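**Student:** One structure, as structure tokens, below. Some questions next.
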Amino acid sequence: MQVVILAGGRGTRLSEHTQTIPKPMVTIGGRPNLEHQILLARRYGFTSVLLLVSHLADRIESHFGCGKRFGLEISYCAEDPPLGTAGALHHARELLQDRFLVLYGDVFSECDLARLWAYHAGNPALATLVVHPNDHPDDSDLVDADADGTISAIYPKPRPEDQYLPNKVNAGVAVIERKILAMIPSGQHLDLARDIFPALARDGRLRAYHSSEYFKDFGTPDRLVRVRLDYDSGKTARLSRGHSRPAVFLDRDGVINKEVAHLSDPAQMELIPGSAESIRRLNEAGYLAIVVTNQPVVARGECSLDALRLIHNKMETLLGREHAWIDALYFCPHHPDKGFAGEVPELKFDCGCRKPKAGMFEQAIRDWNISLAGSYGIGDSRRDVMAARRMGIAAIGVKTGSGCRDCDALDSPDWLVDDLGEAVDIILASGGREQP
Ligand SMILES: [Zn+2]
């Protein structure tokens, strides 16, 4: 297993740190980032490292040598002048194995590389890109993928304000087939993300791997400070897929967005004031924010799946503008009662996902390595309370939306509070932030 690290970055915005050291050699926790990456790769079974170097390459080579000290084999390919991320790969073509992992030397992460590698092996594509939600999607290139994970398009920034896309950002980690070299013209300065991936996405040859692990480039002084703090506090390791994390399962209508009868048009999607701020606090504390929502409007024929997708994209966009994100969203499009005009007959059945049933929660647990201990459910109806009970997690009811007015003595929430903000207050106070 080979890992290729793009380590040619100059780091102009970090000038006081990088005049004499190349950007990937900037230290985090007293160790150069490149060394973190090499040790991470070794931990997940990689034995061969190829460093694509340019700026101050001698500083990198003298630190790592042949790799013996780090327990794996390290080789180098130097470009002068720099050729961009795609140009550098093409330049190193003779040294590449048939399949390799690519890391950017200026991104810090502790993601589970073995799981990513296995995902790519089981889901063939020319490349699998790790995508993740971040707290500034408007300022990021965004990736859109079909339900099966095939990337349908990549949307570079800047974009029109009313273009609603999911908050999925290219994390700068990918598994790539050597065959991709045929798509890269030789001897040119080309960037993978800008010049190569968009065309491959249009041809359906890329796949997205969704992650909520820690990925952050430290390309500005502010970001470097943040990455160092997160590393020192242990947050970067805690967010790794191998550690189970508590989740907050959020109902959608009346909890995050204003309740509208039979919401079916993106124009009707408006956040409840304060909900983005509340979700942002969950993000910062390391909780997975998972939306679980019954959407029988689909079965009733009132809202197409395309419209529902746009509604959710708008919700993610509005949250993103307030620096909040949801890690995943599950919806039930079904409804049990047949016999209405306009309905979609194949969605009219008694499914296993419609709350208060547990199907969406169980799927989320399989997808995200969730620990139910310390997890919560938040909703505005009896169904939400019953679903949380069924999962054995604490239920918080909110007075927004339907206000839990259908709850009876048997199915009443553990707390009934004014809104999502108060619910998050309870979670952060009782569960404590920064869960182990
Ligand atoms: Zn369902």
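The values are calculated or read from the model by the stated rules, or taken from the named source; none is laboratory data. Just so it is clear, the structure is predicted and the values come from calculations on it, not from any experiment. In this analysis, Cβ positions are derived from the backbone assuming ideal geometry, glycine residues included, and neighbour counts consider all displayed protein chains.
**Student:** Considering only the range 366-376, state which residues are surrounded by fewer than 18 Cβ atoms within 10 Å (Cβ to Cβ) and not in a loop (DSSP other than H, G, I, E, B).
**Tutor:** Arg366, Asp367
**Student:** If I ask for residues that are β-branched (Val, Ile, Thr) and either within 16 Å of the ligand (Cβ to nearest atom) or within 29 Å of Gly242 (Cα to Cα) (or both), which ones from the range 355-400 would you list?
**Tutor:** Within the range 355-400, Ile365, Ile370, Ile378, Ile393, Ile396 qualify.
**Student:** How about the range 331-354: which of its residues are more than 9 Å from the ligand (Cβ to nearest atom) and either surrounded by 17 or more Cβ atoms within 10 Å (Cβ to Cβ) or under 18 Å from Gly397 (Cα atoms) (or both)?
**Tutor:** Of everything in the range 331-354, those that are more than 9 Å from the ligand (Cβ to nearest atom) and either surrounded by 17 or more Cβ atoms within 10 Å (Cβ to Cβ) or under 18 Å from Gly397 (Cα atoms) (or both) turn out to be Glu343, Lys348.
**Student:** For the range 65-78, does any single residue satisfy the condition of being buried (at least 20 other Cβ atoms within 10 Å of the Cβ) and within 19 Å of Arg223 (Cβ to Cβ)?
**Tutor:** Checked against the condition, which is being buried (at least 20 other Cβ atoms within 10 Å of the Cβ) and within 19 Å of Arg223 (Cβ to Cβ), the range 65-78 yields no hits at all.
**Student:** Could you give every pair whose Cβ atoms fall below 7 Å, whose first residue belongs to the range 341-366 and is of a type in the set (Val, Ile, Thr), and whose second residue is away from the ligand (no atom under 11 Å from the Cβ), counting only separations of at least 6 or pairs across chains?
**Tutor:** Pairs found: Val344/Gly301.
**Student:** Residues of the range 25-56 being small (Gly, Ala, Ser), more than 14 Å from Ala114 (Cβ to Cβ) and outside any loop (DSSP other than H, G, I, E, B), which ones?
**Tutor:** Passing the criteria: only Ser48.
**Student:** Then there's this: When you scan the range 304-358, how many residues do you find that are under 18 Å from Leu142 (Cα atoms) and among the basic types (Lys, Arg)?
**Tutor:** The total comes to 3.
**Student:** Let me ask you something else. Any idea how many residues of the range 62-100 are within 15 Å of Gln37 (Cα to Cα) and assigned to a helix (DSSP H, G or I)?
**Tutor:** Of the residues in the range 62-100, 4 are within 15 Å of Gln37 (Cα to Cα) and assigned to a helix (DSSP H, G or I).
**Student:** Name every residue in the range 121-149 that is in a strand (DSSP E or B) and closer than 24 Å to Gln97 by Cα, in order of residue number.
**Tutor:** Selection gives Ala127, Thr128, Leu129, Val130, Val131.
**Student:** Somewhere in the range 385-396, is a residue crowded, with 17+ Cβ neighbours inside 10 Å, touching a Leu at 6+ places or on another chain (Cβ under 6 Å) and at pLDDT 95 or above?
**Tutor:** Scanning the range 385-396 turns up at least one residue that is crowded, with 17+ Cβ neighbours inside 10 Å, touching a Leu at 6+ places or on another chain (Cβ under 6 Å) and at pLDDT 95 or above.
Table: residues versus (1) of a type in the set (D, E, K, R); (2) without any contact (Cβ under 8 Å) to a residue 24 or more places away in the chain.
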site: Glu110; (1), (2): yes, no
site: Ala125; (1), (2): no, no
site: Pro133; (1), (2): no, no
site: Ser152; (1), (2): no, no
site: Pro158; (1), (2): no, yes
site: Tyr164; (1), (2): no, no
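**Student:** Look at the range 311-322 and say how many of its residues are in contact (Cβ under 8 Å) with a residue 60 or more places away in the chain and buried (at least 17 other Cβ atoms within 10 Å of the Cβ).
**Tutor:** Of the residues in the range 311-322, 8 are in contact (Cβ under 8 Å) with a residue 60 or more places away in the chain and buried (at least 17 other Cβ atoms within 10 Å of the Cβ).
**Student:** Next question. Among the residues of the range 280-290, is any within 16 Å of the ligand (Cβ to nearest atom), within 13 Å of Leu250 (Cβ to Cβ), crowded, with 21+ Cβ neighbours inside 10 Å and without any contact (Cβ under 8 Å) to a residue 60 or more places away in the chain?
**Tutor:** no
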